[in-house]
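Before any comments, here is the structure.
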Amino acid sequence: MGKRICVYCSSSDILEDRYKEAAASFAKAASLHDYTIVCGGSCRGLMGVLIDTINQYGTEVEGIIPDFMKELEFHHPKLDKIKVVDTMSKRKDLLREDTDAVIAFPGGIGTIEEFIETYTLKRLGVYPGAVILFNQDGFYEPLIQLFKHLAKNNMLNDNWSDALIVVEDVTGLIDAIEKSERKILEPKHYAPA
């Protein structure tokens, strides 16, 4: 069996096609590499595209969704493995549990919040997997510039990029996953220099 990968991504249905195409391309490649994909379990947005494409190509996909979203019928009806939890915090813990990497695809506040939490845990020496930012068409460039701004103002260590992999396309994303290894950083990585 291949690697276990958590994907954070948009649940918006009104995205440009290029984002959906990249998600489908990644899902197909993930299937060919026999990755297990763990995601938010929604039928909407990039999550829906991931689940639909993975179901088509036959690898394993797991969804984790809070009960209030299931009640709103946001869960994917064709997802065989789905866990329903009572809080968003529990959802985030289970999404990254025992994964080799987390990937932040383009997304909104929820995606960014999930990514920032996991990135912080990586830098604190708590999360062992790779943390990958999928900077499709420069989507996350403002966030990367914010990190640089924080470092320039001594709010973030200059080593901030050591715990982060930034890729621009699906080929680079698969390459980063293949090269990644679980590794715990020493907590001093996070401490001010």
Has the range 123-130 got any residue that is within 29 Å of ARG18 (Cα to Cα), surrounded by 17 or more Cβ atoms within 10 Å (Cβ to Cβ) and either at pLDDT 95 or above or touching a helix residue (DSSP H, G or I) at 6+ places or on another chain (Cβ under 8 Å) (or both)?
yes
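Would you mind listing the helices (runs of 4 or more DSSP H) fully within the range 6-104 where at least 2 residues are in contact with a Phe, Trp or Tyr (Cβ under 7 Å, 6 or more places away or on another chain) and more than 22 Å from ILE174 (Cβ to Cβ)?
So the answer is none; nothing clears 2.
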Say whether the condition of being surrounded by fewer than 19 Cβ atoms within 10 Å (Cβ to Cβ), among the charged types (D, E, K, R), touching a residue at least 24 places away in the same chain (Cβ under 8 Å) and touching a Lys or Arg at 6+ places or on another chain (Cβ under 6 Å) is met by at least one residue in the range 74-83.
no
Please find, within the range 103-119, the residue that is farthest from the chain's Cα centre (by Cα) out of those that are surrounded by fewer than 20 Cβ atoms within 10 Å (Cβ to Cβ) and among the aliphatic types (A, V, I, L, M).
ILE109
Can you pull out the residues in the range 46-60 that are surrounded by fewer than 19 Cβ atoms within 10 Å (Cβ to Cβ) and touching a Leu at 6+ places or on another chain (Cβ under 9 Å)?
ASN55, TYR57
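Looking at VAL84, VAL49, VAL61, VAL7 in this structure, which one is farther than 29 Å from ALA163 by Cα and aliphatic (A, V, I, L, M)?
On inspection, the qualifying residue turns out to be VAL84.
For the range 156-193, name all the residues that are part of a loop (DSSP other than H, G, I, E, B) and either β-branched (Val, Ile, Thr) or surrounded by 11 or more Cβ atoms within 10 Å (Cβ to Cβ) (or both).
Answer for the range 156-193, where residues must be part of a loop (DSSP other than H, G, I, E, B) and either β-branched (Val, Ile, Thr) or surrounded by 11 or more Cβ atoms within 10 Å (Cβ to Cβ) (or both): LEU156, ASN157, LEU164, GLU168, ASP169, SER180, ARG182, LYS183, ILE184, LEU185, TYR190.
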Give me the residue from the range 119-154 that is of a type in the set (Val, Ile, Thr) and part of a strand (DSSP E or B) and, out of that set, nearest to LEU15 (Cα to Cα).
ILE132
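The values are calculated or read from the model by the stated rules, or taken from the named source; none is laboratory data. Bear in mind the structure is a predicted one, so any value in this text is a computation, not a measurement. Note that each Cβ is placed from the backbone with ideal geometry, even for glycine, and that neighbours are counted across all protein chains shown.
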